[in-house]
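Novice: Below is one structure. I have some questions about it.
The values are calculated or read from the model by the stated rules, or taken from the named source; none is laboratory data. These numbers were taken from a predicted model, which means no experiment stands behind them. With ideal geometry, Cβ positions are generated from the backbone for all residues, glycine too; neighbour counts draw on all protein chains shown. Note: areas computed on protein heavy atoms with side chains; ligands, DNA, RNA excluded. Shrake-Rupley method; radii C 1.70, N 1.55, O 1.52, S 1.80 Å.
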Amino acid sequence: MSRFAYVGSYSPPDGKGRGITVFSVDSVTDKLLEPVQVVDCPSAAFLCLNRARNRLYAVNELNEAKGQIGSVSSFSVDTETGKLKFLNSQSSRGYQPCHLSLDPLEKHVLVSNYGTGSVVVLPISEEDGSLEPSSQLVLHSGSSGTNKDRQEGPHAHQVYWDTSGKNVLVPDLGQDRVVFYQLHDGKLVLDSTKTCQVVNGAGPRHVVDSPGHGRFVYVINELISSVSVFSTDSPSSDGLLRHVQTESTLPVVPEVEVSACAEVTVHPNGRFLYGSNRGDDSIVIFGIDGQTGRLSLVGHQKTLGYCPDRKSVV
């Protein structure tokens, strides 16, 4: 079976890319081969495939400085050649859409708008998988204000479905917390019985939970380069999940003065966690205690490139 990789990029003036590049993948060495297609798709900052791998969705993180509202594009995928065919695009109803995900039934695309601190729900057409106009816009309000440059307002950074497929976790970098929602009849409903509160100024960017059981939530904090661990067992009366641990993602003696985290991933076996450091240009590796969720440092791996932003375990 043919394998393909889809790589998004930023368009001018924020980057030098054209959109989405499709690579074929060598089935033996896993190396990327020559591109089979380059698709014009403005600032395709985050991509998501459906389970059948015949539809692809991309956020278009357009230039907020020019007053450009973001959008989301949909494509059909030729599973034999890997090539994309544009279906349509819909507004994200906010600035700087930075992440998107499909609900477990693949009936909706959820999008986080970083610039306006909001989450939008876009129904998926049952006919061809294209996107319908948004059915809901959820606006976050308020911020911790600790970091005056980055936390002047809310900044929803991710829409993550937990292991159970019932909860949507939205880390808000501006609010220093992770907000929990559930999706009912195509509408996001706030779950006030759960929230992860990180220290002021941490700037939570992305989250992941424990594979299989979801007993622990791991939050990577962009602004202070750390990972915080929370237990989902027995939240407090005001909904706060119990803080277990926070560990730095940087080496004991950092090689650079400025670094910021980006992505966090847990290995499918649940035994290891990986976090990316932009600036230190490394991947931190932690071992995970399966009983307590606590992290223990294994080491750091240089990425041999600049500013590692997205990653996954394959």
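Novice: Read phi for every residue in segment 275-282 and hand back ³J(HN,Hα) as whole Hz from Karplus 6.51 cos²θ - 1.76 cosθ + 1.60, θ = phi - 60°, with x for Gly and Pro.
Specialist: x, 9, 10, 8, x, 6, 6, 8
Novice: With a 1.4 Å probe and all protein chains in place, put L139, L304, L122 in order of accessible area, largest first.
Specialist: Output order, biggest surface exposure first: L304, L139, L122.
Novice: Right, next: Report the one residue of V178, L190, H243 whose Cα lies farthest in the direction of the positive end of the charge dipole of the chain (charges on C-beta: Lys and Arg +1, Asp and Glu -1; origin at the Cα centre).
Specialist: Among V178, L190, H243, the one farthest towards the positive end of the dipole of the chain is H243.
Novice: Calculate the dipole size of the chain relative to its Cα centre from +1 charges on Lys and Arg beta carbons and -1 charges on Asp and Glu beta carbons; express the result in debye to the nearest 20.
Specialist: The calculation lands at about 180 debye.
Novice: Treat each spin label as a single point 7 Å out from the Cα along the C-beta direction, and report the S192 to V7 distance in nm.
Specialist: 4.8
Novice: Rolling a 1.4 angstrom probe over the protein heavy atoms, how many square angstrom per residue are accessible across segment 226-314? Show your work: numbers first, answer last.
Specialist: On the way: 4800 Å² over 89 residues.
Spelled out: the 1.4 Å probe surface of segment 226-314, per residue, equals 54 Å².
Novice: Still on this structure, please answer the following. Could you order Y95, Y114, Y10 by accessible surface area, starting with the largest, using a probe radius of 1.4 Å?
Specialist: Values: Y95 65, Y114 30, Y10 90 Å².
The residues order as Y10, Y95, Y114, largest area first.
Novice: Sorted by accessible area with a 1.4 angstrom probe, largest first, how do E255, E222, E126 fall?
Specialist: E126, E255, E222
Novice: Further question: Taking the highest mean first, how do the peptides 242-249, 24-31 order by number of other beta carbon atoms within 10 angstrom per residue?
Specialist: By packing density, highest mean first, the sequence is 242-249, 24-31.
Novice: So with the 1.4 Å probe, I'd like the accessible area per residue for segment 42-89, rounded to whole Å².
Specialist: Ligands and nucleic acids excluded, the figure is 47 Å² per residue.
Novice: Now, a different point. Accessible area per residue of segment 135-207 at 1.4 Å probe, in Å²?
Specialist: In whole numbers, segment 135-207 has 41 Å² accessible per residue.
Novice: Additional query: On a full-extension model of 0.36 nm per residue, what is the gain between R294 and D149, subtracting their alpha-carbon distance, rounded to one decimal in nm?
Specialist: Once the chain is fully extended between R294 and D149, it gains 49.0 nm.
Novice: Now for a separate question. Report the residue, chosen from N277, N63, N221, that carries the largest GNM mean-square fluctuation when the chain is represented by alpha-carbon nodes joined by springs under 10 Å.
Specialist: N63
Novice: At 0.36 nm per residue, and after removing the present C-alpha to C-alpha distance, how many nm does the segment from N88 to E106 gain when stretched out fully?
Specialist: Here the segment from N88 to E106 would lengthen by 4.8 nm.
Novice: Another one. What is the local net charge at V256, summed over the other residues whose Cβ is closer than 13 Å to its Cβ (Lys, Arg +1; Asp, Glu -1)?
Specialist: That works out to -2.
Novice: Which residues' amide hydrogens lie under 5 Å from the amide hydrogen of C41, considering only partners 5 or more residues apart or on another chain, with H built in the peptide plane?
Specialist: So C41 has HN proximity to G19, I20.
Novice: What does the highest-first list of 278-291, 228-241 look like by mean Cβ count within 10 Å? Present the calculation step by step, with values, prior to reporting the outcome.
Specialist: Working: 278-291: 18.6, 228-241: 16.0.
Ranked from most to least packed, the peptides come out as 278-291, 228-241.
Novice: Of N147, F75, P268, which is farthest on the positive side of the dipole of the chain, counting Cα position, with +1 on Lys and Arg Cβ, -1 on Asp and Glu Cβ, and the Cα centre as origin?
Specialist: P268
Novice: OK, next. Going 7 Å from the Cα of R215 in the Cα-to-Cβ direction, what parts of segment 163-179 have a backbone nitrogen less than 20 Å from that spot?
Specialist: Only 163-167 pass the distance filter.
Novice: Expressed as a whole percentage, what fraction of the accessible surface of the chain belongs to carbon and sulfur atoms when a 1.4 Å probe is rolled over the protein heavy atoms?
Specialist: After summing per-atom areas, the C and S share lands at 51 percent.
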